Amino acid sequence: MQIEAPLPKKPRMLDQFLLPFIKSRSFPYLWLSQLISMLGGSITTVILPMVVYSLTGSTTMMGLVMTAYMLPYVLMLPLSGWIVDRYDRVRIMMLSDIVRFIVMLAIAVLIFSDTLSVQMLFGLVAIYGLMEGLFHPAYSAVRATVFTPDIRNAANALTQMSNQGVRIIGPVLGGLIVSSMSASYGFGLDALTYLLSYLCLLLLVKKSLYAKQNKPAPSQSNPSFSWRREFLEGITILKGHPWLWITILAFCFSNICFSGIIVILVPWLFKVHLGLDPLMYGIGITCSGAGAIAAAFIFGSRTQWQHRGLFAYGAVILSGAALLAMPFTTEPILLWALMAVEGFGLMIFGLIWETSLQELVPPEAFGRVVSLDLLGSFALLPLSYFLVGWIADQIGGVITITIFASIGLAIVGSVLCVPAIRRFQ
């Protein structure tokens, strides 16, 4: 009697997400570091607007606070890409964590002692933005090295899923802290997470898990001319890939519309326009994170996706449509559903963008290219935050959301007319 050999088992979806932990010794430390600091950041996302609106009640002032954060961030980017490609990227992240720990602790102490002023908040938020502008290119460059092709989709998706999972906990926790205690406790908890993140990165360095994989080679040219030459090399790499430079250019303008709504007017919609408790806004951000987790789970379940250009931009249109519908919704549960759709669409786009960068950009130039990406995407955000806040004070937040969401959708739709975007695989 002939016995048939058993059929090989199909790999389980769970196994796909376990690959980064199995195949990379660096991944767990990097993943845990960012996960912890994301918890604090998600709490502050809810608390900061509540503090500003409590102090001033003005969307214009909220726009100015966010401008104070974004302007140093943007100004830092051209230099940070050069720094990241020349020096130890993990130690750059560690420096940023320590400074952000000090900033968050200072805000917590000032709120606790009832001495925080808007002027002080401007200065501290500006320092925070400067460190963010240094941190993000370094973190992106480390990810590009650690997330090797065999684990790339799963590692990117798992990182985003866990970060968004924290966003489910953090905003609700932030809303509870503001409602039942004091905002100072939220900023203090944020400070603690940056300290813990620093310790995770310290372990990564001590165990020499990252240094053996990637250490950017110093430039051999004259240092006085190195920055300009290497910056131009990053531009040359971008010009060789229409998908990259067209998308960066498009989002330079569409981010003005969408980010201004999300950061300035969605909190206003909850707290001022509808008069809802801060916890309701926290739940809304949680729903956005839940939508993003669903997107990351779907994306990470496959190693390859076809028609990525159409998929990415279609997801952004979905998010923009959700933002456009928000001002015409008065029920919290419908607002939460729209925020889940917004989070889903932006996460799909973000994952496709991140993986395409890691595929197309050489590791030794990744810091410069990603700094150009961030610069192009965020250069006009300081203007956006001020403009959206000021216009909302003049003509009303509902009309402002409608106008800016419509313009953003028109920009994204026009980019889809470009063959290089539609055909990107």
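Which ones in the range 160-170 are crowded, with 21+ Cβ neighbours inside 10 Å and not aliphatic (A, V, I, L, M)?
GLN160, ASN163, GLN164, ARG167, GLY170
Results for (1) among the hydroxyl-bearing types (Ser, Thr, Tyr); (2) surrounded by 20 or more Cβ atoms within 10 Å (Cβ to Cβ); (3) touching a Pro at 6+ places or on another chain (Cβ under 9 Å); (4) more than 26 Å from SER259 (Cα to Cα), shown as yes or no for each residue.
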{"site": "VAL51", "(1), (2), (3), (4)": "no, yes, no, no"}
{"site": "THR60", "(1), (2), (3), (4)": "yes, no, no, no"}
{"site": "ARG100", "(1), (2), (3), (4)": "no, yes, no, no"}
{"site": "TYR128", "(1), (2), (3), (4)": "yes, yes, yes, no"}
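Which numbered condition in (1) in contact (Cβ under 8 Å) with a residue 60 or more places away in the chain; (2) under 24 Å from ILE151 (Cβ atoms); (3) of a type outside the set (Ser, Thr, Tyr) is the only one that ILE348 fails?
The single condition ILE348 does not satisfy is (1).
List the helices (runs of 4 or more DSSP H) that sit entirely inside the range 338-425 and contain at least 3 residues that are surrounded by fewer than 23 Cβ atoms within 10 Å (Cβ to Cβ), of a type in the set (S, T, N, Q) and modelled with pLDDT of 80 or more.
397-415
Kindly list, by first and then second residue, each pair from a residue in the range 104-132 that is within 28 Å of VAL84 (Cβ to Cβ) to a residue that is surrounded by 17 or more Cβ atoms within 10 Å (Cβ to Cβ) and among the hydroxyl-bearing types (Ser, Thr, Tyr), limited to pairs with Cβ atoms under 6 Å and residues at least 6 apart or on different chains.
Close Cβ pairs satisfying both conditions: VAL125/TYR69; GLY129/TYR69; GLY129/TYR73; MET131/SER96; GLU132/TYR73.
Kindly indicate whether any position in the range 150-167 is in a helix (DSSP H, G or I), of a type in the set (Ser, Thr, Tyr) and in contact with a Gly (Cβ under 9 Å, 6 or more places away or on another chain).
Looking through the range 150-167, none of the residues is in a helix (DSSP H, G or I), of a type in the set (Ser, Thr, Tyr) and in contact with a Gly (Cβ under 9 Å, 6 or more places away or on another chain).
Write out, first by first residue and then by second, each pair whose Cβ atoms fall under 7 Å of each other, whose residues are 6+ apart or on separate chains, and whose first residue, in the range 40-58, is closer than 16 Å to THR115 by Cα while the second is surrounded by fewer than 24 Cβ atoms within 10 Å (Cβ to Cβ) and of a type in the set (Phe, Trp, Tyr).
Going by the 7 Å Cβ cut-off, there are no qualifying pairs.
Which ones in the range 111-125 are over 27 Å from the mean Cα position of the chain (by Cα) and in a helix (DSSP H, G or I)?
PHE112
Would you point out the residue of the range 63-75, among those that are of a type outside the set (Val, Ile, Thr) and under 8 Å from TYR385 (Cα atoms), that is nearest to the chain's Cα centre (by Cα)?
Checking each candidate, the answer is MET66.
Matching residues to (1) surrounded by 15 or more Cβ atoms within 10 Å (Cβ to Cβ); (2) modelled with pLDDT of 80 or more; (3) within 24 Å of the chain's Cα centre (by Cα); (4) over 27 Å from ILE348 (Cβ atoms):
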residue	(1), (2), (3), (4)
THR148	yes, no, yes, no
LEU158	yes, no, yes, no
VAL172	yes, no, yes, no
SER182	yes, no, no, yes
LYS206	no, no, no, yes
GLN220	no, no, no, yes
GLU230	yes, no, no, yes
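The values are calculated or read from the model by the stated rules, or taken from the named source; none is laboratory data. All figures in this text were calculated on a predicted structure; none of them were measured in a lab. Neighbour counts run over all protein chains shown; Cβ positions are idealised from the backbone, glycine included.
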